[in-house]
1. Using a probe of 1.4 angstrom, how much of the accessible area of the chain is carbon and sulfur, in percent?
2. For the chain, take the longest principal axis of its alpha carbons; what is the angle in degrees between that and the long axis of helix 371-383, to the nearest 10 within 0 to 90?
3. Using modelled amide H (1.01 Å from N, peptide plane; none on Pro or chain starts), what sits under 5 Å from the amide H of Q171, excluding residues fewer than 5 places away?
4. Once you have a ≥ b ≥ c as the square roots of the Cα gyration tensor eigenvalues for region 164-225, tell me rounded if a/c is under 1.5, and otherwise prolate or oblate according to whether a/b is larger than b/c.
5. So what is the 222 nm mean residue ellipticity for the chain from helices alone, if each DSSP H run of at least 4 adds -39500 (n - 2.57) and you divide by all residues, rounding to the nearest 500 deg cm²/dmol?
6. Contour minus end-to-end for Q257 and V299, with contour as 0.36 nm per residue of separation and end-to-end as the Cα-Cα distance?
7. Can you give the angle from 0 to 90° between the axis of helix 240-256 and the longest principal axis of the chain, with both taken from C-alpha atoms, to the nearest 10?
8. Can you work out ³J(HN,Hα) from phi for every residue in region 291-299, in order, using Karplus 6.51 cos²θ - 1.76 cosθ + 1.60 and θ = phi - 60°, giving whole Hz and x for Gly and Pro?
Amino acid sequence: MTDREDRQIHLGLWLTFLDSTDWRNPASRAEELNSLAPYVELAQIAEAAKFDALIRGDGFGAPIPSATQAYAGSLEILPLLAALAARTDRIGLIGTASTTFSEPYDLARTLATIDHLSNGRVGWNIVTSTGGEENYGYDRIPSHAERYERADEFIDVVSRLWASWDGDAVQIDRSSGTFFDPSKINPIDHRGKHFQVAGPLNIARPPQGRPVFVQAGDSEAGKDFAARHAEIVFTAQREVFNARTFYADVKSRIKQQGRDETRVSVLPGLVFTIAETETDALQLSDEFHRRIDYDRTRVNLQELLGGIDLSDIGLDEQVPAERWPNASTLTRQQGRPQILLNLAAQDGTTLRQLLHALGTAHGHGRIFGTPEQIANHIELWTETNAADGFALSPAQGISGARAFADRVIPILQARGLFRTDYTGSTLREHFQLEQPAGTIESVGGPR
Ligand SMILES: Cc1cc2nc3c(=O)[nH]c(=O)nc-3n(C[C@H](O)[C@H](O)[C@H](O)COP(=O)(O)O)c2cc1C
């Protein structure tokens, strides 16, 4: 049985419409990768289905893509969310931004602006970034620990900047001619190891007080960071038992931080393909797996594991255990490699199976099924403390998102698992999160 006060689950939709393994399909709309229209269509489908939020990731490096690769370099997420704020009313807007390759004052301004323009619907997927250092003046990427240390200070600074205007600093009193109450706008005078920021911010306090904090790190440092700051936790979980272990672990770390763990939602990523019948679903799954580019996925796996060489290992062979690195020593990512190393450690796992896991959904959950089967999967995970909902990615693009809205949502609503209408208008209200009141002193992290 779930720990959630009510059984309502939370659903986010990834703003992705191009299936990277199927872009040659004439109906793929590949030409619109950098156009607004397909994202507006996705946004309106998700809002009509009462999703909690739209979500989009972001990267900061741009390796030269191979000729056949569909995804390399697309729209920057925050301006896209601002554009979608104008074409939606209630759905949340969760964008990704880096604490390693951004400046707190700039990001505080941008996120506050989108929160104002959307009347309080912004969430921030806080990433420490795993690449892109060559574009930000670094010879090497800062270490895993350095990136999380900087991220802690970053959160402290932006939280105090958003609180640098009291909620009632803007007066607009025409009779007295008072626009602002300057006594309610204060500098933050931050001097830390990574940042020096005087403040105040030059935008009034955002409608939500501050964006909803989202975080996705599966490493020890990542989970501790989530326990200190996250209100929504994304994670990559391929199967339910490990997902329950991760769920219990993160919730207990949050509790140890003196926070109410029932208020923090854990949303694994789930890439879905909808089919009319089970036979169709199996066929689609087979077709998909036949299209996996093993050579490119092997290169991705080697990079993810710190540059090891697996070129001498046959696809149907097991990789000798001594060839694997220790994930906690890796610089770029630690959590995702650990998930793959756990799979590799299972008896008889071949290189092909590992490349499947990475090639199908980058380590995330992957489902091919009828609307009923997908609803059952969602119910099983959310009813057994493996998840509080999902960050859904439609492998079939816009038609997949529409099929989910038309066929799976009604099943979840009929089972009392998902809202039939919005009861709030901000992202915080969708996730039953409190409004952070507080002053500069109270919101900032430990000093
Ligand atoms: C669902 C999900 C979405 C993510 N989105 C992004 C992203 O958009 N950009 C990014 O740089 N990292 C993204 N990450 C990676 C994490 O932010 C983090 O860097 C990664 O999990 C490694 O952290 P760790 O070393 O603490 O495990 C995502 C991870 C997950 C699970």
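The values are calculated or read from the model by the stated rules, or taken from the named source; none is laboratory data. A quick note: this is a predicted structure, and the numbers were derived from the prediction, not measured. Only protein heavy atoms, including side chains, enter the accessible area calculation; ligands, DNA and RNA are left aside. Shrake-Rupley method; radii C 1.70, N 1.55, O 1.52, S 1.80 Å.
1. Ligands and nucleic acids excluded, carbon and sulfur reach 49 percent.
2. 60 degrees
3. F180, D181
4. In terms of gyration-tensor shape, oblate.
5. After summing the helix terms and dividing by residue count, I get -11000 deg cm²/dmol.
6. Result: 11.2 nm gained on full extension.
7. Taking Cα atoms only, the helix is inclined about 20 degrees.
8. 8, 4, 8, 4, 4, 5, 5, 5, 4
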